[in-house]
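Encoded as structure tokens, the structure appears first; notes follow it.
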Amino acid sequence: MPPAPAADPSDKDDVHAAAAGDRQAFQRLYRLHVGRVYGAVYRLAGYDHARAEDLTQDAFVRAWQKLAGFRHESAFGTWLYRLAVNVALMDIRARSADPVSVMDEDTIPDHGETPFCAAEREELERAIGKLPPRARAVLVLHDIEGWRHEDIGAELGMAVGSSKAQLHRARGLLRKILGERS
């Protein structure tokens with residue numbers, strides 16, 4: 001898993017204060033970390049804004065509920081990020097019986113800084129959003145979030161080889177969706 005961005009010097013103080021029930025300290029933590037949490041959840045949710053917003057809110061509610069148990073063995077941002085990814089992955093597991101949701105052509109994700117032109121980014125995001133949930137999760141966690149296959153396998157309850165196979169499948173499906181020859 002990639003390292004969390006450098007923490008604000010008051011991050012530790014805010015974590016301790018929030019764990020003691022200080023809502024304003026938690027609000028500062030929220031503002032500091034919501035962008036990274038939302039970005040990861042948004043990609044895992046298949047670029048569905050409403051679902052990503054719900055999952056981000058769920059992640060922060062769970063963080064507030066579990067904050068007293070935070071052991072400070074890692075940075076708060078790392079702990080929160082992992083909690084948010086778990087919330088998104090649980091949502092994927094819960095929806096696994098549902099058909100794969102496909103983005104409407106009219107629903108185009110917001111843009112961030114990217115080396116791609118806007119049209120290429122939109123096309124790629126639509127294509128990733130069309131992937132089956134587990135393949136999308138492996139692709140997002142590996143190629144976008146920088147996770148190792150060992151971590152993905154442990155998180156999704158699959159063997160490392162299955163994670164690699166899902167990644168290969170996801171990339172092949174992306175090439176097919178985007179009209180490229182493999």
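The values are calculated or read from the model by the stated rules, or taken from the named source; none is laboratory data. A quick note: this is a predicted structure, and the numbers were derived from the prediction, not measured. Neighbour counts run over all protein chains shown; Cβ positions are idealised from the backbone, glycine included. Protein only, heavy atoms only, side chains kept; ligands, DNA and RNA dropped before computing areas. Shrake-Rupley method; radii C 1.70, N 1.55, O 1.52, S 1.80 Å.
Can you find, within the stretch 126-143, the residue that is farthest from the chain's Cα centre (by Cα) among those that are of a type in the set (A, V, I, L, M, F, W, C) and within 16 Å of residue 52 (Cα to Cα)? Don't jump to the end; show me each part of the working.
Keep residues of the stretch 126-143 that are of a type in the set (A, V, I, L, M, F, W, C), which gives 127-128, 131, 135, 137-141.
Okay, now just the ones that are also within 16 Å of residue 52 (Cα to Cα), so 128, 137, 140-141.
Values: 128: 13, 137: 8, 140: 7, 141: 7 Å.
By that ranking, first place goes to 128.
When residue 103 is tested against (1) at pLDDT below 90; (2) out of contact with any helix residue (DSSP H, G or I) (no Cβ under 6 Å at 6 or more places or on another chain), just one condition goes unmet, and that condition is (2). In the stretch 144-173, how many are under 19 Å from the mean Cα position of the chain (by Cα), crowded, with 16+ Cβ neighbours inside 10 Å and hydrophobic (A, V, I, L, M, F, W, C)? The qualifying residues number 6. Against the numbered list (1) under 12 Å from the mean Cα position of the chain (by Cα); (2) surrounded by fewer than 15 Cβ atoms within 10 Å (Cβ to Cβ); (3) part of a loop (DSSP other than H, G, I, E, B); (4) not acidic (Asp, Glu), residue 72 comes up short only at (1). Against the list (1) open to solvent by less than 40 Å² (accessible area, probe 1.4 Å); (2) free of Cβ contacts under 8 Å to residues at least 12 places away in the same chain; (3) of a type outside the set (Gly, Ala, Ser), the condition residue 37 fails is (2).
For the condition within 23 Å of residue 127 (Cβ to Cβ) and in a helix (DSSP H, G or I), residue 25 does not qualify.
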